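What follows is a single structure, written as structure tokens, with notes after it.
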Amino acid sequence: MQMPHIAVASPVAGAYEVRLHPTTDSLDAAAWDGLLAQQPQPTPFLRHAYLAALQASGSATPATGWTAVYFTLWQTTELCAACVLYLKTHSYGEYVFDWAWAQAYERHGLPYYPKGVLAVPFTPVPGTRLLAREPAARTALLQAVMDWAQQAGLSSLHLLFAADEDLQAAHQAGWMLRHTVQFHWHNQHPERQGRYEDFDDFLRCLSQDKRKKIRQERRRVQQAGITFRVLHGEQIQAADWEFFYRCYERNYLEHGNRPYLTPDFFQRMAQHMPQAWVMFIALQGEQAIAASLLGLDAAQSSAYGRYWGALARVDGLHFEACYYQPIEWCIAQGLQRFEGGAQGEHKMARALLPQPAHSAHWLSHPAFAQAVDDFLRREGQGVAQYLEDLRGRNPFRSNSG
């Protein structure tokens with residue numbers, strides 16, 4: 001869909017000038033990334049190069065149902081706030097599911113699409129979405145987005161996997177909060193101050209059944225003759241990226257879907273953001289058969305499980321490539337956190353513990369907003385109970401926290 005023709009500059013509370021941009025081409029990359037670096041929860045997935053690659057590669061474009069609108073707020077020549085809004089014609093690639101809301105609109109003869117999403121496409125990684133130098137600028141930015149959405153006739157706005165500061169601004173503006181659960185691993189020894197010494201040190205902290213299961217799974221992979229090449233940054237050559245994409249694409253096709261990201265996207269990552277990636281390539285003998293990919297933010301001491309795929313089936317290989325190898329690498333590198341991505345209660349058996357993740361939602365139709373608000377209150381109670389139940393199933397030894 002095309003971006004609605006609405007004024008590209010307007011005053012907000014008399015303090016900021018609002019500018020709209022349809023692509024990253026008219027954005028100052030250094031200014032955008034500099035503002036991102038000042039945020040309480042930055043991630044590499046909101047960098048200028050990452051967002052530009054999503055568009056330029058054909059991965060997130062109007063043709064795939066993602067029409068970007070970049071908002072920037074200025075005081076003279078100073079960039080004070082910024083965000084990217086995507087106009088959506090579907091709800092794929094978001095990981096906060098609102099299909100039932102869209103169906104309810106349809107049953108009542110009302111259009112749910114287009115809607116607006118403040119998120120990173122295909123990326124359920126919590127982080128700052130509303131870049132701002134100060135709270136007042138964040139509030140003004142959100143108000144500018146809401147004003148624009150109303151002029152554009154959008155049914156709704158959705159702020160997904162947002163940082164606390166973003167959620168607070170949205171809640172104060174009358175948005176409804178929604179909660180879900182993710183699973184993250186932390187490099188913190190439960191019995192003493194400090195990080196794990198190595199993978200065995202980590203295993204010793206788990207309950208006997210979890211420790212035994214992981215060792216069995218790793219042993220089966222080793223007995224199948226599997227070894228790994230671990231590559232970071234510019235160590236990842238063009239041939240490695242090409243092989244990874246074959247695996248990544250195969251994983252989607254086996255589930256009956258086309259992959260969200262194109263080969264050109266990863267080529268752009270290799271060119272413009274090489275240090276943000278760690279690749280694990282599984283070899284059976286000398287034959288590469290699988291690969292997994294981590295996003296990396298060394299400044300935040302965090303790694304993010306992103307994509308994987310295999311060209312051959314080996315029992316336990318998924319867990320080895322996507323959890324055990326990354327955890328072992330994080331321990332060796334001294335990283336503090338490994339995020340396992342969306343959903344996946346099975347991750348608890350690998351010591352990825354439940355963490356709340358949050359989003360905020362605004363619906364323009366008052367009656368639907370009230371109905372969704374009632375639903376979210378009930379859903380939130382269920383999520384809170386689910387989180388409590390999960391925390392009672394701690395995979396660590398009883399004397400390890």
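I need the full set of residues from segment 327-344 which are out of contact with any Gly (no Cβ under 8 Å at 6 or more places or on another chain) and either outside any helix (DSSP H, G or I) or open to solvent by less than 20 Å² (accessible area, probe 1.4 Å) (or both), in order please.
Ile327, Cys330, Ile331, Gly334, Leu335, Gln336, Arg337, Ala342, Gln343, Gly344
Quick check on my filter: what residues within segment 129-141 are outside any loop (DSSP other than H, G, I, E, B), more than 16 Å from Thr43 (Cβ to Cβ) and of a type outside the set (Gly, Ala, Ser)?
The answer is Pro135, Arg138, Thr139, Leu141.
Looking at Val96, is it modelled with pLDDT of 95 or more, touching a His at 6+ places or on another chain (Cβ under 9 Å) and over 27 Å from Ala299 (Cβ atoms)?
For Val96, the condition - modelled with pLDDT of 95 or more, touching a His at 6+ places or on another chain (Cβ under 9 Å) and over 27 Å from Ala299 (Cβ atoms) - is not met.
For the subset of segment 114-172 comprising residues that are out of contact with any Asp or Glu (no Cβ under 9 Å at 6 or more places or on another chain) and β-branched (Val, Ile, Thr), which member is farthest from Leu87 (Cα to Cα)?
Among residues in segment 114-172 that are out of contact with any Asp or Glu (no Cβ under 9 Å at 6 or more places or on another chain) and β-branched (Val, Ile, Thr), the one farthest from Leu87 (Cα to Cα) is Thr139.
Suppose the filter is in contact (Cβ under 8 Å) with a residue 24 or more places away in the chain and surrounded by fewer than 22 Cβ atoms within 10 Å (Cβ to Cβ); does Gln168 pass it?
Judged against the criteria, Gln168 is not a match.
List every residue pair whose Cβ atoms lie under 7 Å apart, where the two residues are 6 or more positions apart in sequence or sit on different chains, the first residue falls within segment 222-243 and is under 15 Å from Gln333 (Cβ atoms) and at pLDDT 95 or above, and the second residue, located anywhere, is open to solvent by 70 Å² or more (accessible area, probe 1.4 Å) and not in a loop (DSSP other than H, G, I, E, B).
These pairs meet every condition: Gly233/Gln275.
Restricting the search to segment 226-249, which residues are out of contact with any helix residue (DSSP H, G or I) (no Cβ under 6 Å at 6 or more places or on another chain) and in a helix (DSSP H, G or I)?
Residues satisfying the conditions are Gln235, Ala238, Ala239, Asp240, Glu242, Phe243, Phe244, Arg246, Cys247, Tyr248, Glu249.
Could you list, in sequence order, all residues of segment 73-125 that are more than 23 Å from Pro62 (Cβ to Cβ) and either touching a Leu at 6+ places or on another chain (Cβ under 8 Å) or surrounded by 22 or more Cβ atoms within 10 Å (Cβ to Cβ) (or both)?
Matches in segment 73-125: Leu73, Leu79, Cys80, Ala81, Val125.
I'd like to know if segment 176-185 contains one or more residues that are crowded, with 19+ Cβ neighbours inside 10 Å and of a type in the set (S, T, N, Q).
Within segment 176-185, one or more residues are crowded, with 19+ Cβ neighbours inside 10 Å and of a type in the set (S, T, N, Q).
Of the numbered conditions (1) outside any helix (DSSP H, G or I); (2) over 27 Å from Asp164 (Cα atoms); (3) open to solvent by less than 30 Å² (accessible area, probe 1.4 Å); (4) hydroxyl-bearing (Ser, Thr, Tyr), Ser359 fails exactly one; give the number of that condition.
So Ser359 meets the others, but not (2).
Are any residues in segment 269-305 among the small types (Gly, Ala, Ser) and open to solvent by less than 30 Å² (accessible area, probe 1.4 Å), and if so, which ones?
The answer is Ala276, Ala282, Ala288, Ala290, Ala291, Ser292, Gly295, Ser301, Ser302, Ala303, Gly305.
Show me the strands (runs of 3 or more DSSP E) found entirely inside segment 250-326 where at least 1 residues are over 25 Å from Phe45 (Cα atoms) and either touching a residue at least 40 places away in the same chain (Cβ under 8 Å) or of a type in the set (A, V, I, L, M, F, W, C) (or both).
It comes to 277-284, 287-297.
The values are calculated or read from the model by the stated rules, or taken from the named source; none is laboratory data. What you are looking at is a predicted structure, and each value in this text was computed from that prediction instead of being measured. Backbone-built Cβ (ideal geometry, glycine too); neighbour counts: all protein chains shown. The area values use the complete protein model at the heavy-atom level, side chains included, leaving out ligands, DNA and RNA. Shrake-Rupley method; radii C 1.70, N 1.55, O 1.52, S 1.80 Å.
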